[in-house]
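A.B. asks: Right, I'll just put the structure down here and ask away after.
Please treat every number below as a calculation from the coordinates, not as lab data. As the structure is a computational prediction, the values presented were derived from the model and not from experiment. Methodologically, a virtual Cβ is constructed for each residue, glycine included, from the backbone with ideal geometry; neighbour enumeration extends over all protein chains shown.
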Amino acid sequence: MNWRETLNRLALLLAFAGGVPAALAGDWFERFKDEATDAALHRFLYAMPKGGDLHLHLTGSAFPEWLHDIALAEAAQGVAYYVKTRIDNCAVEVDRVDAYLLLHRTVDQHRLATLSACERGEYQALSALDAEARAAWMNSVRLDAPHEGRDEFFERHWQRLGDLLRNPHLVAEILYRNMRAFADEGVAYIEPQVPVFGFLDRAGTPLAPEAVLAMYRQRLARADAQAAGVTVRFQLSALRLHADAERVVREIYRLASEHADIVAVNLVGREDDDRGHPLRFLDTFRDLRRTYPGVHLSIHAGESARPDSHVRDTLLLGAERIGHGLNLIQDEQTLLGLRHGPYLVEINLISNLLLGYVDGFAAHPFPEYLRTGVPVALSTDDRGMWDSTLTDEFFVAVREYGLSWAELRALGRNSLAFSFLDEATKSRLLTEYARRMDQFAKDFQRRGEALLDDVQPLRRGFVCRHYGLCEGEGDKEGAHRGNG
Ligand SMILES: [Zn+2]
């Protein structure tokens, strides 16, 4: 018996002595981590059952090839999209110059018709782009180059998507694609922040938020979406920087109170712009609470590297969950108050790295929160733009912070326990999650890595670039990236 076996036997005895079967204590997982290659660990985590994703923006969760395919499919319904592929220095009004200079902006035929002949000449039909131009268009909505960061994301990525995001049929299709992709990686529940304002029907007529929501529901009800087996509830969000943000908050709060499938209200928008600071909304939320019962709040706060009181102030707004909570680590009083508390911090590791809020994963406070009893769950934020998956968030967490099996289970459990689901559905999903995890652990201990032989994990750009997970795969990488 070598030293490792001796230790394992000892651990087994100790675990049984403490009343916990060693299988549940997870020393099998520690052995697997010790020996597994990165590729094997990623495959394991892809196959591993997951709970929910509580923090994702629907329109930031579309991979570029989905957008491309869905946009082209709209041609059958009479909608055509055009991409700005060059700049001919056409004359434009001063307040349009920034938008004008944005390459790869996508417009529909209604908007194209409003442009001057000079500007129309700068656009090419999305369907007519050659391979190189199509790749450039797809790249323009991925945040993958070293020089791209926060400004590129907040000021240009969304703007480029342009009219794609005012077609509710297209956004409903993004919802369906997400359900399928999340199902493939074992996710049981998603709570996406969905857009409902500024939509037009295919003829170009404005649509009310209720009409947009009805279209989402119709898409969810179709057999292919139901077959994915992923439970979906919606959040609505307001862009906190806008001058009329309070009006939007009132509107979405009313919608959330009237529709059972809208489970929460959120505030979004960069926090380094002080126009949207949390306490601006205190009177509004207090007023709304006087009027409407039963509306949950999950609010972005502390998505910043600098210390401020945003997490504390956001709890004062009534938030039950905090999105990001990165600078909570610098607000010690609030941090102490959150230990073992009823509030959850939604952690987005890859987002925080790519937007430059942390210099590296070693600087992320997630393991400190997790191991001091602050409730946390992993989520994806805008994974279409990061070119990543929820599996990748777990991969980063295990690889960088050595998560134990018990910690993995706690993260999955939190992602359901802190969801805004009704109690009956929540309890059903929690029971199923525990059963699926037990079965997965049991099967893996019995069969080892052979259990994963048939698993084809989706490896997208982030883990390929950051961890070299796709090296030597050649064309296989393309095959992986194309599915889902
Ligand atoms: Zn977010």
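A.B. asks: Order 211-221, 46-56 from most to least packed using the mean count of other Cβ atoms within 10 Å.
C.D. replies: Going from most to least packed, we get 46-56, 211-221.
A.B. asks: Considering only the chain, what is the antiparallel percent among its DSSP beta bridges, to the nearest 5?
C.D. replies: Around 20 percent antiparallel, to the nearest 5.
A.B. asks: Please list, in chain and number order, the residues 5+ apart from F420 or on another chain whose amide H is under 5 Å from its amide H, with Hs placed from the backbone.
C.D. replies: Counting only residues 5 or more places away or on other chains, the set is empty.
A.B. asks: Spin-label point model (7 Å from Cα, Cβ direction): what's the E30 to A183 distance in nm?
C.D. replies: 3.9
A.B. asks: Give the distance, in whole Å, between the Cα centre of the range 308-323 and the Cα centre of the range 147-219.
C.D. replies: So the separation of the two Cα centres works out to 26 Å.
A.B. asks: At 7 Å along Cα-to-Cβ for each site, give me the label-to-label distance between A128 and V455 in nm.
C.D. replies: So the label points at A128 and V455 sit 4.7 nm apart.
A.B. asks: Mind listing the phi-derived Karplus ³J(HN,Hα) values for the range 84-91, rounded to whole Hz, using 6.51, -1.76 and 1.60 with θ = phi - 60°, and x for any glycine or proline?
C.D. replies: Per-residue couplings from phi come out as 6, 10, 7, 10, 9, 6, 5, 6 Hz.
A.B. asks: Separate question: Tell me, what is the FRET efficiency for C90 and S404 to the nearest 0.05, using R0 = 41 angstrom and their Cβ-Cβ distance as r? Don't jump to the answer; show the numbers that get you there.
C.D. replies: Details: r = 60 Å, r/R0 = 1.45.
Efficiency at R0 = 41 Å is approximately 0.10.
A.B. asks: Follow-up question, since we're still on this one. For the pair D443 and E332, what calculated FRET efficiency results from E = 1/(1 + (r/R0)^6), where r is the Cβ-Cβ distance and R0 = 51 Å, to the nearest 0.05?
C.D. replies: 0.70
A.B. asks: Something else about it: Once the Cα atoms of helix 282-291 and of the chain are each reduced to a long axis, what angle between those two axes, in degrees from 0 to 90 to the nearest 10, is obtained?
C.D. replies: 90
A.B. asks: Please list, in chain and number order, the residues 5+ apart from A238 or on another chain whose amide H is under 5 Å from its amide H, with Hs placed from the backbone.
C.D. replies: N266, L267, V268
A.B. asks: Between the helical axis of 390-401 and the dominant principal axis of the chain, each derived from Cα atoms, what acute angle in degrees is found, rounded to the nearest 10?
C.D. replies: 50
A.B. asks: Continuing with the same structure: Using Cα centres only, tell me the gap between the range 439-465 and the range 345-378 in whole Å.
C.D. replies: Centre-to-centre (Cα) distance: 24 Å.
A.B. asks: Neighbour counts of other C-beta atoms within 10 Å: give me S427, S257 arranged from fewest to most.
C.D. replies: If I rank by nearby Cβ atoms, fewest first, I get S427, S257.
A.B. asks: Which order do H364, H300, H157, H147 fall in if you start with the one that has the fewest other Cβ atoms within 10 Å?
C.D. replies: So the residues, fewest neighbours to most, are H147, H157, H364, H300.
A.B. asks: Between V376 and residues 5 or more places away or on another chain, which pairs have amide H atoms under 5 Å apart, with H built 1.01 Å from N, and which residues are they?
C.D. replies: Here V345 satisfy the definition.
A.B. asks: Sorted by mean Cβ packing within 10 Å, highest first, what order do the peptides 89-97, 269-277 take?
C.D. replies: 269-277, 89-97
A.B. asks: Could I ask something else about it? Give the peptides 345-356, 305-316 in descending order of average Cβ contacts within 10 Å, highest first.
C.D. replies: Highest to lowest by the protection proxy: 345-356, 305-316.
A.B. asks: Can you tell me the dipole magnitude for the range 91-230 around its Cα centre, using point charges on the Cβ only (Lys, Arg +1; Asp, Glu -1), in Debye to the nearest 20?
C.D. replies: That gives the range 91-230 a dipole magnitude of about 440 debye.
A.B. asks: Write out the trypsin sites (Lys or Arg not before Pro) in the range 313-415 meeting two conditions: DSSP loop, and at most 12 other Cβ atoms within 10 Å of their Cβ. All intermediate terms of the calculation are to be shown ahead of the outcome.
C.D. replies: Numbers: sites: R321, R339, R371, R383, R399, R409, R413; in loops: R339.
Sites meeting the loop and neighbour criteria: R339.
A.B. asks: Work out Dmax and Rg for the chain from the C-alpha atoms and quote the Rg first, both in angstrom.
C.D. replies: Cα radius of gyration and Dmax of the chain are 23.2, 81 Å respectively.
A.B. asks: Give the dimensionless ratio obtained when the Cα radius of gyration of the range 80-161 is divided by 2.2 N^0.38 Å.
C.D. replies: 1.10
A.B. asks: Would you mind computing, in nm to one decimal, how far apart the modelled labels at R465 and L239 are, each placed 7 Å from Cα along Cα→Cβ?
C.D. replies: That separation, rounded to one decimal, is 2.5 nm.
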